[in-house]
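First the structure, in the form of structure tokens, and then the observations on it.
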Amino acid sequence: MQKDNSARGIDRRQFLQQAGLAIGAAGVLGGCADTGEKHPSQAALGSGGHFSIVSDPADPIASSPAGQWAVQQLWDAFEFRGQKPRIVARLQDAPSGPCIVAAGADSPVARGMLSDGKVSLPQLPESLALILGKYKNRPTLLACGRDARGLVYAMTELADRVRNCPRLSSNLNVSEPIVEQPTACVRGIMRSFTSDVEDKPWYNDRKFWKPYLSMLASQRFNRFNLAFGIGYDFTRNIKDAYFYFAYPFLLSVAGYNVRATNLSNAERDNNLAMLKFISDQTVERGLEFQLGIWTHAYKWTDSPDVNHNIEGLDESNHASYCRDALRTLLQACPSISGVTFRIHGESGVAEGSYDFWKTLFDGIVQCGRKVSIDLHAKGIDQQMIDVALNTGMPVTVAPKSWAEHMGLPYHQAAIRPVEQPRSNRRDSGFFAKSSGSRSFLRYGYGDLFKEDRKYGIVHRTWPGTQRLLLWGDPQMAAAYATNFATFCGSDGLELMEPLSFKGRKGSGVKGRRDAYARPPVPTKYDFEKYAKYYELWGRLLFNPRTASETAETLIKASRILPLITTAHCPSAANNNYWPEIYTNMSIVDSRRPGPYSDTPTPRRFGTVSPLDPELFSTIDAHANDLLNGKPSCKYSPVEVAQWLRRLSNVEHVTSAAGSSPWLIYDGDVSIQLGLGKFFASKFESGVLWSFFLSSGDHRAGEQAVKKYREARESWAFIGGPAQLYVRDITFGLEKQLRGYWNDRLPAIDADIAAMEGKLKEPSKPQADVDPQKVAAAIAAVLEPPKRPVFKVTHRAPANFKPGEPITIDLQSSAASAHLHYRRVNQAEPWHVTAMPSSAGKFAAVIPGDYTSSPYPMQYYIELRNAAGAATIYPGLNETFTQQPYIVLRQARDL
């Protein structure tokens, strides 16, 4: 067994733990806090003597490469604490002293201790158990797994306790048996290669990969996706083509004279050797290795400054070369267990080119083993899915979650109107499907959730909302596990990790990827800053009930940007909208929309659609509701502003000493708090300005200016904590993808000046607008009323049978109720029907002809009081972790 010291790095961890950022700082699964009384079947390990680790070579799980790696992790943790435990094959071979047994669930020791402790280990893969008891009258701590991955999680949990808890023996005395099973079957992290300048160093650094992959395994991720070819969306203006069309950068294919220019054979061969090393190291730790090949284009247009061109390909040999290259690559790297493909026009292959993909997928069939096919969902149709299914390989489809951003922890109830199906859309051109009849799959799950589907669904979270700043909200991560990753039988969630797309499109800068002006903390690798991010996502997607200590200010700060994204999204594309360093959109002038080309017209702040337009209102629509005295049940921008203030106005205790870890924490949290205050004031300014546009009432315009100035002050404040970072943070060459917070101030100032200029122009109040209504609407922004609260008793049906009606009823103190319902199909509209009442009981029926479909159903209920004020049931809760609608699955025949 090879010793792996890669996960040690304890000095850096100690620095990070000062700010509560490090992995293991909380003692996950009880860890350091586990000091209760012992289970009747248990006995304390005691503190005398050295520990022994029992790993039976006859146990196929304990002796697997992943099992042996996990044993070594525990040994290394003990060594750090000054002990060198003996590793023995059998319990009777261990010297006196406490013993830890690493075992598969079916081993004799595990079966005996599980039986004695009356503990049942689930049959589900990756399940684990930690049990302290006696085996043959000897105090023993059993760490067992249903499979190798479950054992890895059990052993790395113990390693975490050994490394990070002050009292060694007491924190291995597990007071109660711990039994866990995964919630999300797929818990993935994607790292993308998009910059030869910034990404070659980590790609070629073998010392980087060991601690990085060890961290992923220890935090219970089970899939690592290394993505090539996602550096551009289109094959024009290419500057950095390294790995863009990946095959020629990795291998020479027999029978073809295809190569990348300006690339030596030695570098190409080293790239392949590194890919084999990375994939092998991934599998050694019990993770699956997924390779992303996002581009199959080989010709660049309008790209005079490109660093690499592809030679030796034309239309006649393109498909066959890709097939043979894929087969050769999979045979050269046997640890690759799945491949991700972008199949819409941005792949460089015209949509509807089914013959190309059939030829390409033959390369997987010919490689000689099972390799899963993961299809990026944009532009996909059933014929494309069938091409993949016909290979006989496992197939998953991966829709974008919350477009190319991260929203609140539920699936958006509706996609934006611009992506909805339209009768005038035709399937023509290079993007025939994604711009035509399948437009609804550009930024959501579309119509994928048929109950009888033969493919899996793994959602992918893109890095539009947050790619640089710290994130850490355990409640949100847990809700993503229960509401999102497992939605309607979904298989899981894959996250594009922090710093994704850093240096994209040829914008890379030599040096550290973290964009710090001066490194504020002695972290060696780029992922270490985000230790809390990896801990929370990995652990809580596995088990949403996992305990984790996270600073309250970081929790609240981490909710700000997902809330903003959900309520207000000027562009679904991460290339255009980056709220961390927001490019200001004009409230006043639609001729200055900024980079937001996919927002509704006229393109100004007030018309921007929420990313969930079913449950959230636009600024202009809410202003119109207030002026007309007809409040919607939707969450309004004024409500969102109040929520942002609640999150932002927290007591943020900064570090007077200015220690290095606190500089990271203070800076990133303070920036996010400032962003919350900025958007809160700007949302209010937008509503007030909409009043002015509708009424001509200067009172509204003057208040809009005042709120905009408040927003400007909040943005200017960000410049203080942002001094940690360089003045040009590059995630692309376009202005909205690079720069610094202070760079955005001139556009804000110009819009305020334009607003003040409009107020100086001669205008007359609109004759059909009552000034008293305007005054009331202004008051509703400055001192917004709270939503009504009703007593509600409702039991959702357990399931339904297609073709049969569904009765939805509830008891409530509300004056009226309406049922909103829809199939779980984002290509379809929602339906609304009144719920007549009798003695406080409301009821409505979803017709049988509507339930006759292959889809689940979802619904929510609009409740109003006698004055007309409305709310939503079940709706969002205070922490934004409740799924705001109810989902019904179809009954299954047993």
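Side notes on the structure shown:
- Of 132, 247, 295, farthest towards positive along the dipole that unit charges on Lys, Arg, Asp, Glu beta carbons give the chain: 132
- Candidates 407, 517, 395 compared by Cα position along the dipole of the chain: farthest toward the positive end lies 517, with charges placed on Cβ.
- Cα-derived Rg over Rh, computed across the range 247-352 with Rh taken as Kirkwood radius: 0.98
- Descending by average beta-carbon neighbour count within 10 Å, the peptides 860-867, 667-674 line up as 667-674, 860-867, the highest first.
- Dividing the mean sequence gap of close Cα pairs (under 8 Å, 6+ apart) by how many residues the chain holds gives a relative contact order of 10 percent.
- When both the range 747-773 and the range 830-894 are represented by their alpha-carbon centers, they are found 41 Å apart.
- Relative to its residue count, the range 736-876 spans a Cα convex hull of 235 Å³ per residue.
- Ranked packing of 374-387, 254-267, 736-749, most packed first, by mean Cβ within 10 Å: 374-387, 736-749, 254-267
- Helix 265-284 and the long axis of the chain differ in direction by around 80°, with both axes built from C-alpha atoms.
- Rounded to the nearest 20 debye, dipole of the chain from Cβ charges on Lys, Arg, Asp, Glu: 840
- Note on the range 328-383: Rg/Rh from C-alpha atoms, Kirkwood Rh, equals 0.98.
- Spatially proximal lysines relative to residue 556 (Cα-Cα < 17 Å; intrachain offsets below 8 disregarded): 532, 677
- Lys, Arg +1 and Asp, Glu -1 on Cβ, resulting dipole of the range 754-799 about Cα centre, debye, nearest 20: 360
- Quotient of Cα Rg and 2.2 N^0.38 Å for the range 682-736, N being how many residues it contains: 1.60
- Taking all protein chains together and rolling a 1.4 Å probe, residue 727 ends up with roughly 130 Å² accessible.
- Relative to the Cα centre, the charge distribution of the range 239-309, modelled as +1 at Lys and Arg Cβ and -1 at Asp and Glu Cβ, gives a dipole magnitude of about 140 debye.
- Computed from Cα positions, the angle between helix 771-782 and the longest principal axis of the chain comes to roughly 20 degrees.
- Using alpha carbons only: equivalent-ellipsoid semi-axes of the chain, gyration tensor based, whole Å: 45, 34, 30
- Based on Cα atoms of the range 295-453, Rg over Rh with Rh as the Kirkwood radius reads 0.99.
- Percentage relative contact order, the range 545-662, counting C-alpha pairs under 8 Å, at least six apart: 24
- Taking amide hydrogens as placed 1.01 Å from N in the peptide plane, the amide H of residue 186 sits under 5 Å from those of 492, 493, each at least 5 positions away in sequence or on another chain.
- Sorting the segments 599-605, 576-582, 185-191 by their mean number of nearby beta carbons within 10 angstrom, highest to lowest, gives 185-191, 576-582, 599-605.
- Between residue 770 and residue 590, the FRET efficiency from the beta-carbon distance, with R0 = 25 Å, is close to 0.40.
- Relative contact order for the range 417-503, counting Cα pairs under 8 Å that sit 6 or more residues apart, in percent: 27
- Looking at the chain, the DSSP beta bridges with both ends there are about 45 percent antiparallel.
- Additional length obtainable on full extension of the chain from residue 267 to residue 305, 0.36 nm per residue less Cα span: 11.6 nm
- Placed amide H near residue 635: partners under 5 Å, 5+ positions off or other chain: 616, 617
- With Cα atoms, 0 to 90° folded angle of helix 619-628 axis to the chain main axis: 40
- Rolled with a 1.4 Å probe across the full set of protein chains, the surface gives residue 583 an accessible area near 30 Å².
- Counting heavy atoms of the protein chains alone, residue 235 has an accessible area of about 40 Å² for a 1.4 Å probe.
- Full-extension gain in nm, residue 750 to residue 120, via 0.36 nm per residue minus C-alpha separation: 220.2 nm
- Normalising the Debye intensity of the range 152-243 to I(0), with uniform scatterers on Cα atoms only, and taking log10 at q = 0.19 Å⁻¹ returns -0.99.
- One decimal place: the segment residue 830-residue 202 gains 221.3 nm when fully extended, by the rule 0.36 nm per residue minus the C-alpha distance.
- Two-site label geometry, residue 838 and residue 699: point separation in nm, points 7 Å out along Cα→Cβ: 4.8
- Debye intensity ratio I(q)/I(0), log10, the range 58-152, q values 0.11, 0.18, 0.24 Å⁻¹ (C-alpha model): -0.29, -0.80, -1.34
- Backbone phi angles across the range 532-544, fed through the Karplus curve with coefficients 6.51, -1.76 and 1.60 (θ = phi - 60°), yield HN-Hα couplings of 5, 4, 5, 4, 5, 5, x, 5, 7, 5, 6, 9, x Hz in residue order; Gly and Pro are listed as x.
- What the phi angles of the range 296-306 give under the Karplus curve with 6.51, -1.76 and 1.60, with θ = phi - 60°, is a coupling list of 10, 7, 10, 10, 9, 10, 6, 10, x, 9, 5 Hz, glycine and proline written as x.
- Positive-end extreme of charge dipole, the chain - chosen from 109, 495, 275 (charges on Cβ): 109
The values are calculated or read from the model by the stated rules, or taken from the named source; none is laboratory data. Small disclaimer: the values here were computed from a predicted structure and weren't measured. Here the Cβ is made from the backbone with ideal geometry for all residues, glycine too, and neighbour counts use every protein chain on show. Remember, those area values only see protein heavy atoms, side chains included, never the ligands or the DNA or RNA. Shrake-Rupley method; radii C 1.70, N 1.55, O 1.52, S 1.80 Å.
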